[in-house]
1. Could you check the stretch 171-189 and list, in sequence order, the residues that are assigned to a loop (DSSP other than H, G, I, E, B), open to solvent by 60 Å² or more (accessible area, probe 1.4 Å) and in contact (Cβ under 8 Å) with a residue 24 or more places away in the chain?
2. Quick one: which residue in 201, 216 is part of a helix (DSSP H, G or I), at pLDDT below 85 and either of a type in the set (Lys, Arg) or under 23 Å from residue 98 (Cα atoms) (or both)?
3. Specify the residue that is modelled with the highest pLDDT; the eligible residues are those in the stretch 62-116 that are open to solvent by 70 Å² or more (accessible area, probe 1.4 Å) and assigned to a loop (DSSP other than H, G, I, E, B).
4. For residues that are touching a strand residue (DSSP E or B) at 6+ places or on another chain (Cβ under 6 Å) and among the charged types (D, E, K, R), scanning just the stretch 96-149, find the one that is nearest to residue 188 (Cα to Cα).
5. Answer yes or no as to whether residue 96 is at positive phi, touching a residue at least 24 places away in the same chain (Cβ under 8 Å), in the same structural domain as residue 314 (by TED's automatic domain parsing) and not small (Gly, Ala, Ser).
6. Looking at 309, 243, 305, 253, can you tell me which residue is of a type in the set (Lys, Arg), under 25 Å from residue 135 (Cα atoms) and modelled with pLDDT of 75 or more?
7. Report, by residue number, each residue of the stretch 331-368 that is under 21 Å from residue 98 (Cα atoms) and either in a loop (DSSP other than H, G, I, E, B) or at pLDDT below 80 (or both).
8. Do you know which of the residues in the stretch 4-50 that are of a type in the set (Ser, Thr, Tyr) and free of Cβ contacts under 8 Å to residues at least 12 places away in the same chain is nearest to residue 60 (Cα to Cα)?
Amino acid sequence: MANKLISEMGLPKSIANVFSARNILTAKDALSLSEFELMELMDVGLEEVMAAVGHISEISCPPYQTALSLLEQRNHNEYLAGHLPTGLKGLDAALCGGIPFGVVTELVGPAGIGKTQFCLKLALLASLPTCHGGLGGRVIYIDVESKFSSRRIIEMGLSSFPEIFNMEGMAQQMAGRILVLQPASLSEFTESLQKIKVSLLQHDVKLLIIDSMTALASGEYGQGPPKLGWHISFIKSLAECCRIPVVVTNQVRSQVRDGASRYVFQGHIRADTLEDTSKVEYHLVAALGIHWAHAVSIRLVLESRSGKRLIKIAKSSISPSLGFFFRIDASGISFLNNEGEEMTGPEANSIHCQGHSGIINYDREALQ
């Protein structure tokens, strides 16, 4: 709107000609100057300048919207978008139906906590026929760490939906709906994104999974998190344009109080890199950093507390911060209790790994 031409705004011809003669051609040009500067530059009176500026502002500025109209628009968009139910009643209820279409949902947690198990179950659910509660479509699964397992998906299917998977040829049919890509690097993934967009539109794809974005980027940078601004923008545009759920997994790193950080897939911290190892304090944070965190719409944190696995809603504009204890069994992820526990304050965003062997604990012994 700032680049809208003044000549197209319906101003009186005499004033429009003065603007043009003084090389003030767009709304931005005019509104960047004060009324007194315009008076001096155009050699016209204050009343004429104020009328012209008011007219330009009214046309170039976006219209006001009420809170009610925004709410109605959002509800309408969510109705059109829909959700992918996870089969976890407490989580689906908290998310108003499941993993939402049209946005990016992130799973954050240490290695081995269950992120890939969650992704495999979502891929299975999206490929299920609609008459059985699925989306009846194809899935694109970006398998960065070679953790995808067709056998595990069939095991989940036989355990969760025996009446479907015991039908002759059904397991093969559903497995054939999941398209697996294994890019070897971030640059290879970047090159394939445009092809992925075409595939989403042409092949009735109902779900995109990237497992994991951190591992995909880990070989592309030295110190500090990678710059993924373009990637997250493109991935968000895929979700919005194709109106499908996009699920991305993110690993964790330990962040030292002084700002230094280590990624859990980089190994132990060497003692000679620290001045005083006895004073080191750290906590776990999502590996891809704050800019990535702002870009995702829903963040689910998977963690471990005293050996028990917990999944919690750490970020959502429509859901409370709830945590659900879960286990991993033949059917995938199962909740121990669908009621959920309310998470308040720092607990909603903190990441714990108590009693979980998949995390490298940088304690004093490891540092020496």
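The values are calculated or read from the model by the stated rules, or taken from the named source; none is laboratory data. None of these values were measured; they are calculated from a predicted model. Cβ sites come from the backbone with ideal geometry, for glycine too, and all protein chains shown count toward neighbours. All accessible areas refer to the heavy atoms of the entire protein, side chains included, with ligands and DNA or RNA removed. Shrake-Rupley method; radii C 1.70, N 1.55, O 1.52, S 1.80 Å.
1. Taking the stretch 171-189 and keeping what is assigned to a loop (DSSP other than H, G, I, E, B), we get 176-177, 182-185.
Those left that are additionally open to solvent by 60 Å² or more (accessible area, probe 1.4 Å): 182, 184.
Hit for the stretch 171-189 is 182, nothing else.
2. Details: 216 fails: either of a type in the set (Lys, Arg) or under 23 Å from residue 98 (Cα atoms) (or both).
From the options 201, 216, the qualifying one is 201.
3. Filtering the stretch 62-116 for residues that are open to solvent by 70 Å² or more (accessible area, probe 1.4 Å) and assigned to a loop (DSSP other than H, G, I, E, B), the one modelled with the highest pLDDT comes out as 96.
4. Step by step, filter the stretch 96-149, then rank; the result is 143.
5. Numbers: at positive phi: yes; touching a residue at least 24 places away in the same chain (Cβ under 8 Å): yes; in the same structural domain as residue 314 (by TED's automatic domain parsing): yes; not small (Gly, Ala, Ser): yes.
So residue 96 fits the description; yes.
6. On the way: 309 fails: under 25 Å from residue 135 (Cα atoms); 305 fails: under 25 Å from residue 135 (Cα atoms); 253 fails: under 25 Å from residue 135 (Cα atoms).
None of the others qualify; the one that does is 243.
7. 331, 336, 337, 338, 339, 340, 343, 348, 349 - these are the residues of the stretch 331-368 that are under 21 Å from residue 98 (Cα atoms) and either in a loop (DSSP other than H, G, I, E, B) or at pLDDT below 80 (or both).
8. First pass over the stretch 4-50, keeping only residues of a type in the set (Ser, Thr, Tyr): 7, 14, 20, 26, 32, 34.
Subsequent filtering for residues that are free of Cβ contacts under 8 Å to residues at least 12 places away in the same chain retains 14, 32, 34.
On the way: 14: 20, 32: 13, 34: 17 Å.
Ranking the qualifying residues of the stretch 4-50, first place goes to 32.
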